[in-house]
């Protein structure tokens, strides 16, 4: 049994400590403390590996990491909802400070003002970036934020039917379906260019730019939704908001987004943070944590979790959602990123995305066998028609240490969705073009 | 505890006060506001809505709790205390006057007989 | 040393918001000039002209957020005995491993052949968690504990439908349960039936029997319970629910007590979620990110959310959807950055380490229980698991709230208060295995002092804390007239 020796640097009790504590408890052994577990279930065989020391652990983990192709942003051209943007060096050391990293949900505001004010900044800056009136403190990710928007729209309108445009990220569509189906909410698809809504629809859900990178006529979508008595819910890219008109400008009732784009590492799928903003009139139907401003007993400005009766710990089965987390740490990452980028920086990043992507598109469009089959204004992503299966193209790129685009041949024949942004120099793009040219 | 004699009370801690024009004002009692603590939001039926005696007509939220409001009589809501939207604390500060909730046109004034007088309600909450 | 107030005027000034620090022309970033031929921007009607973000220099941003961080209590700086949250120490090696460029720089949509190392981590973690819980399969997809609950209950719903029992609507939930349980059941379309506890703190089997009918979908159950007890009726409860055709969801919030001591599958659970940010040491981040994987038995395994990692005969890894999966719960396949920290932790602790965790966590909780019994009422006179729930009623005039606030003055984070709801003036204390006996003794000593203060000067306690960066907050004001963001008008 594990009571002898010090095996772990994370457990301070010595055998002597344990002896003194067991005496205080009145138990003869640690095993005795587990006597409530039925004997036939107690201490089952446990087939786990033996402990690794830290050096052996690092060797193993580094070997695993080395088996992934992660060449850095400059040689990666994959986006589709997750983006390698440049992140200033100051972000990580601030966000990973132990006081932020190892605290929890700010239940005790007197000793959690750092987290609370950080979340208030997140709410302020995301609302401003999206041109919306209010924001919550954060959701899991962009996909589940859109799914929660669908549920919220049903609560606000009292209807149980939502429309999705045919250009929303398919993974988001799947998530919306998984969240809405158990509540008997019907989901149907409409043409993004001419959305025809059925009666008693709670919301029209759209994406901006859309899954294939194109900026759609959001105003027309918003008008169509409102004419049908539905809410307009827009899942928008946060960096694109710095260049193109923001969600709020189109009268969006709820605007969500994937906060990962705000400098957060791709990290093979998470953790990210979902952005969730809405019109002020709907705040009592918001899911998730919300931080509000108030004063303390000495009259000093401070921040607290507020509007809590919406939430699961009070309203239980009548809550607006079961969500507990605000993914505060990733929200803080996005906040520090926005603070450093600021008004000028984020606009400049967005313009660089636009310029680099358009340069790349024009070069690739000139290549024999390649084409740009999807018309429309785009931001940092566009679909390329390849002369062969996109997977073959990606293997050729991989041989040069380059991560290619997403295979979207199920939507566009031989289509590959490429992302080119501020992280790519002209030389990076020219290298991509040169490899593409050699693929037939 | 303050308990005016001019009105009737329900066991759900609402009061009903008949008005000269035949309508009835409805609110919550001093006891109820004290139990709730700081009231931060009151969700009320809309004007022209129908309410039923002893059935839920709204909700009242304090900082960390939510409680249902039950109408002490049936009828049509003819007026809602709009001041509560921006100053819900009136329910705490003045539960019998400025913190009234709704004005109801009774469907059946005899229903008020099913309510308690101040003494009976006072005994209930003693 | 002079007796300065804990927050100086300068520090208060440091609390101005970013927008209030903004000065036109400042920036916190250095960006390149455009090195490609310029394309014309789209029509101005499509473009934004009102972006209102702060303009601050890098040094200002660093000082601002560093100052903010110092207003927090955290595990790195304070004992944080927040019951049911398992605020154990978060090893730094976890952080280093998650930050390796081969992991942090990997895009989730890269072809599996480019991500074999990461997929191997997922595959091995799935196996490790299945072994710890005694289950057949694991989905690492859920992005937090509450989403794990959602995944687990949706899995139950799908399994019932596959049995031709999709009409069953009744979900039993003990009155001691965390609020997420009923909230989740409602999100999944079930009707919640609350089940009381016995005076010994176990689930009331008669109440379960009374609900064991053809409408019973299942039960959501936390083991050990939120009272910090191993529920001795739970095995029988599982049998009753199964006999009636229902399924059992296990809330793994308190798994820290059971590591290596008992497995959820053999105890009768059909599907269970784990909070990697509790049991497996990933940092709580001020309220996320977490990860809430679920582990399911043979019958339920085909329904769990995907995609999950699989391995073919040649040892190649891939992602795949389980055969009858309930689908996706997010755009990717889980919070990989959190998963890798948990994998690192399990690897460093190993098999014996799991027993060290649960043994020392339970010993620490029982030690606090024994030493604090003179101060507080103990609602259930029996051995506890990883945490102990007291009632603060013993000392007249003391409340859980006031004791908690005064603890903050003494450098200790408060326990969980007023939960579970069945214990009046509840104080729920979870020390975890990573605290030393000296820390526990200091905590006990402070509680003894606070108890003396409660006896001599209850009014003093009622206005605590006095030494913290902020004093008691006006929460009613925040909720009555919500101010939820900076605005130019409000400034």
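The values are calculated or read from the model by the stated rules, or taken from the named source; none is laboratory data. Predicted model only: the values in this text are computed from it and were never measured. Cβ placement follows ideal geometry from the backbone for every residue including glycine, while neighbour counts extend to all protein chains displayed.
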Scan of region C:426-446 for residues that are over 12 Å from residue C:87 (Cβ atoms) and either modelled with pLDDT under 95 or within 11 Å of chain A (Cβ to nearest Cβ) (or both), ordered by number: C:436, C:437, C:438, C:439, C:440, C:441, C:444
Considering residues of region C:67-76 that are within 7 Å of chain A (Cβ to nearest Cβ) and in a helix (DSSP H, G or I) only, the residue nearest to residue C:439 (Cα to Cα): C:69
Qualifying residue in region A:250-263 (condition: touching a strand residue (DSSP E or B) at 6+ places or on another chain (Cβ under 6 Å) and over 17 Å from residue A:144 (Cβ atoms)): yes
Boolean, residue A:82 is at pLDDT 95 or above, within 7 Å of chain C (Cβ to nearest Cβ) and within 25 Å of residue C:122 (Cα to Cα): yes
Filter result for residue A:269 (crowded, with 24+ Cβ neighbours inside 10 Å, at pLDDT 95 or above, facing chain C (nearest Cβ under 7 Å) and within 27 Å of residue B:62 (Cβ to Cβ)): no
Lone unmet requirement of (1) under 22 Å from the mean Cα position of the chain (by Cα); (2) free of Cβ contacts under 8 Å to residues at least 12 places away in the same chain; (3) outside any helix (DSSP H, G or I) for residue C:173: (2)
Identity of the residue in region C:86-106, within 7 Å of chain A (Cβ to nearest Cβ) and part of a loop (DSSP other than H, G, I, E, B), that ends up nearest to residue A:111 (Cα to Cα): C:87
Residue match in region A:128-149 (condition: more than 7 Å from chain C (Cβ to nearest Cβ), over 27 Å from residue A:221 (Cβ atoms) and within 17 Å of the chain's Cα centre (by Cα)): yes
Subset of region A:293-302 that is in a strand (DSSP E or B) and without any contact (Cβ under 8 Å) to a residue 40 or more places away in the chain - its residue that is nearest to the other protein chains (Cβ to nearest Cβ): A:294
Matching residues in region A:150-170 - criterion: being under 21 Å from residue A:319 (Cβ atoms) and either touching a strand residue (DSSP E or B) at 6+ places or on another chain (Cβ under 6 Å) or at the interface with chain C (Cβ under 7 Å from one of its Cβ atoms) (or both): A:150, A:153, A:162
Selected residue (criterion: nearest to the other protein chains (Cβ to nearest Cβ)) from residues of region C:452-472 that are in a helix (DSSP H, G or I) and under 30 Å from the mean Cα position of the chain (by Cα): C:462
Residue identified as part of a helix (DSSP H, G or I), buried (at least 24 other Cβ atoms within 10 Å of the Cβ), in contact with a helix residue (DSSP H, G or I) (Cβ under 8 Å, 6 or more places away or on another chain) and free of Cβ contacts under 8 Å to residues at least 60 places away in the same chain among C:159, C:146, C:185, C:118: C:185
Failed criterion for residue A:322 (all others in (1) buried (at least 23 other Cβ atoms within 10 Å of the Cβ); (2) within 9 Å of another protein chain (Cβ to nearest Cβ); (3) in contact (Cβ under 8 Å) with a residue 12 or more places away in the chain hold): (3)
From A:64, A:52, residue being free of Cβ contacts under 8 Å to residues at least 40 places away in the same chain, in a loop (DSSP other than H, G, I, E, B) and at the interface with another protein chain (Cβ under 7 Å from one of its Cβ atoms): A:52
Test for residue C:83: is it more than 7 Å from chain A (Cβ to nearest Cβ), touching a residue at least 60 places away in the same chain (Cβ under 8 Å) and out of contact with any helix residue (DSSP H, G or I) (no Cβ under 8 Å at 6 or more places or on another chain): yes
Complete set of residues in region C:443-480 that are in contact with a helix residue (DSSP H, G or I) (Cβ under 7 Å, 6 or more places away or on another chain) and without any contact (Cβ under 8 Å) to a residue 12 or more places away in the chain: C:460, C:471, C:473
Within region C:244-254, considering residues that are buried (at least 24 other Cβ atoms within 10 Å of the Cβ) and more than 17 Å from residue C:180 (Cα to Cα), the one farthest from the other protein chains (Cβ to nearest Cβ): C:246
Condition check for residue C:419: closer than 25 Å to residue C:226 by Cα and either at pLDDT below 95 or touching a helix residue (DSSP H, G or I) at 6+ places or on another chain (Cβ under 7 Å) (or both): yes
